[in-house]
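The values are calculated or read from the model by the stated rules, or taken from the named source; none is laboratory data. Only a predicted model underlies this, so the values are computations on that prediction, with no experimental measurement involved. All Cβ positions, glycine included, derive from the backbone under ideal geometry; neighbour counts span all protein chains shown.
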Amino acid sequence: MSQIIENKNVFGKNLKWYDLVISIYHVAIWRGVVMSGKRNVSEAINMYQAYIDSPEKRQALYRRTLIIVVLSQIFGGAGLAAGITVGALLAQDMLGTDNFTGVPTALFTLGSAGSALLVGRLSQRFGRRSGLAAGFLAGGIGAIGVVIAAITNNIFLLFISLLIYGSGGATNLQARYAGTDLANSKQRATAISIAMVSTTFGAVAGPNLVDVMGSFAMKIGVPALSGPFILAAAAYILAGMILLVLLRPDPLVVAQAVAVEQRKNKVFSDVSINTLTMNKKGIFTAATLMVLTQLVMVAIMTMTPVHMGNHGHGLSEVGIIIGFHVGAMYLPSLLTGVLVDRIGRLYMAIAAGVTLLAAGVLAAMAPGESMPLLTLALILLGLGWNFGLISGTAILVDSTNSTNRAKMQGTIDVLVALSGATGGVLSGVVVANSSYAVLSIAGGVLSLFLIPVLIWSSAKKIKVQA
């Protein structure tokens, strides 16, 4: 390490501020290498040097990282969907009343928001592998706690466990960033979309295994409604172990090493440009885009089942519409990612606002008895959310760099989680004091606020960062 300091002339007379920053960052990379478990430090540094010197090796690691992320996301999606499906029912069964059945969702959302912040900071300091694995493993522990709470009929333990269980959901969302660490600017949205669409497989399988896991739970002598949380625990722990064992070398640490070396040599590429700056306008734009799309989507989606119930639709019909909605949220991701990379972030972000407006207007105008029109409205709602999340995520990655990216991503995901909770709460208040049509129109109009924000941000082209 002394050689690093000597080479950078840190204690020389011609010290420049960026020399000091680079030297400190070299020490950080060196420390990360040592902490990764390598006994031979020179061997470990040489391993990173190979990725620094070879764009081909970086691309190979990028593709390998995507495969690992996809595998973990399949299990993560199953863990997320299985638990959420019966959380409210379990609370109702244990409490004996409907008055607090919304508490599990609130606790899950709160836990998700707090965990997003922690996972982002852990990832920034120790790498994606440590941050994401810790988040998934914590979610698994929370799910185990829920099962124990159901067995012992302990309400306090149930609520604490649901809070911890929320960390799995936050990690499942943040894992979409891992594939972008070594992606160039034309690959980032595609990498995000691959991670998102892989979540669909687990998210679809999870709810369909509720009855199976309920029967399994009863066979081993635990309450049936705790069965899906057994699946959630196993799925989250598997997702965490996959990342902990296989995500080596860590893509974020490699990206940081590449950025430091290119900064030192004043050679910037599409993967690493400026390690010391970030685009605040781009970050604000990305945050606004993801927060508003989440708020509008959750608000309208939350009250749609209630609206349908008031017009005589049964649970099976509600399930069909919500199924189409969830499918529209995730399944178009592969195409959306390609469009965001090829057409541009700005155009797809505008498309998100317009699509959400169309969804709101159609939901408001559709007769309550019309399954086809309500289904179409919810499909458009999911599609608009998909456009907004993927384009917003890509803008956020473009506007940050390897020294602050994971931390900033965690912070923005906190706002996204809280906006979803806000949308869910406010939607009930709006409908109670007006109607579902007013809520839908208000959501559509609110989504148009994205357009002036995007025009303002495009006045100075968003600068792509490391």
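Considering each residue of the range 319-332 in turn, none proves to be under 18 Å from V416 (Cβ atoms), small (G, A, S) and at pLDDT below 95.
Rundown of residues vs (1) crowded, with 18+ Cβ neighbours inside 10 Å; (2) free of Cβ contacts under 8 Å to residues at least 60 places away in the same chain; (3) touching a strand residue (DSSP E or B) at 6+ places or on another chain (Cβ under 7 Å), yes/no style:
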{"site": "T285", "(1), (2), (3)": "yes, no, no"}
{"site": "T288", "(1), (2), (3)": "yes, no, no"}
{"site": "G312", "(1), (2), (3)": "no, yes, no"}
{"site": "Y330", "(1), (2), (3)": "yes, no, no"}
{"site": "D341", "(1), (2), (3)": "yes, no, no"}
{"site": "A366", "(1), (2), (3)": "yes, yes, no"}
{"site": "G384", "(1), (2), (3)": "yes, no, no"}
{"site": "G392", "(1), (2), (3)": "yes, no, no"}
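Inside the range 152-162, can you point out the residues that are without any contact (Cβ under 8 Å) to a residue 12 or more places away in the chain and either touching a Phe, Trp or Tyr at 6+ places or on another chain (Cβ under 6 Å) or part of a helix (DSSP H, G or I) (or both)? Break it down into steps so the answer makes sense when it comes.
Going residue by residue through the range 152-162, those that are without any contact (Cβ under 8 Å) to a residue 12 or more places away in the chain are 152, 154, 156.
Within the range 152-162, T152, F156 qualify.
Evaluation of I379 against the conditions (1) at pLDDT 90 or above; (2) surrounded by fewer than 24 Cβ atoms within 10 Å (Cβ to Cβ); (3) more than 20 Å from A328 (Cα to Cα) shows that the sole unmet condition is (3).
Scanning the range 106-117 finds no residues that are assigned to a helix (DSSP H, G or I) and out of contact with any helix residue (DSSP H, G or I) (no Cβ under 9 Å at 6 or more places or on another chain).
A quick yes/no check of all residues on (1) crowded, with 24+ Cβ neighbours inside 10 Å; (2) in a helix (DSSP H, G or I); (3) at pLDDT below 90:
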residue: I164; (1), (2), (3): no, yes, no
residue: S167; (1), (2), (3): yes, yes, no
residue: A178; (1), (2), (3): yes, yes, yes
residue: S193; (1), (2), (3): yes, yes, yes
residue: A205; (1), (2), (3): no, yes, yes
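Among residues of the range 35-64 that are in the same structural domain as D181 (by TED's automatic domain parsing) and aromatic (F, W, Y), none has a Cβ under 6 angstrom from a residue that is at pLDDT below 80 and part of a helix (DSSP H, G or I) at a sequence gap of 6+ or on a separate chain.
Where helices (runs of 4 or more DSSP H) sit wholly within the range 311-415, those with at least 1 residues that are closer than 23 Å to F201 by Cβ occupy 315-330, 333-342, 371-399.
To keep it simple, each residue is scored yes or no on (1) over 21 Å from F108 (Cα atoms); (2) in contact (Cβ under 8 Å) with a residue 24 or more places away in the chain; (3) under 13 Å from the mean Cα position of the chain (by Cα).
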position	(1), (2), (3)
A359	yes, yes, no
D413	no, yes, yes
V416	no, yes, yes
S427	no, yes, no
Y436	yes, yes, no
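Take S198 and decide whether it is of a type in the set (G, A, S), in a loop (DSSP other than H, G, I, E, B) and under 30 Å from P249 (Cβ atoms). Considered against the rule, which asks whether it is of a type in the set (G, A, S), in a loop (DSSP other than H, G, I, E, B) and under 30 Å from P249 (Cβ atoms), S198 comes out as no. Considering only residues in the range 256-302 that are polar (S, T, N, Q) and in a helix (DSSP H, G or I), the one that is modelled with the lowest pLDDT turns out to be Q262.
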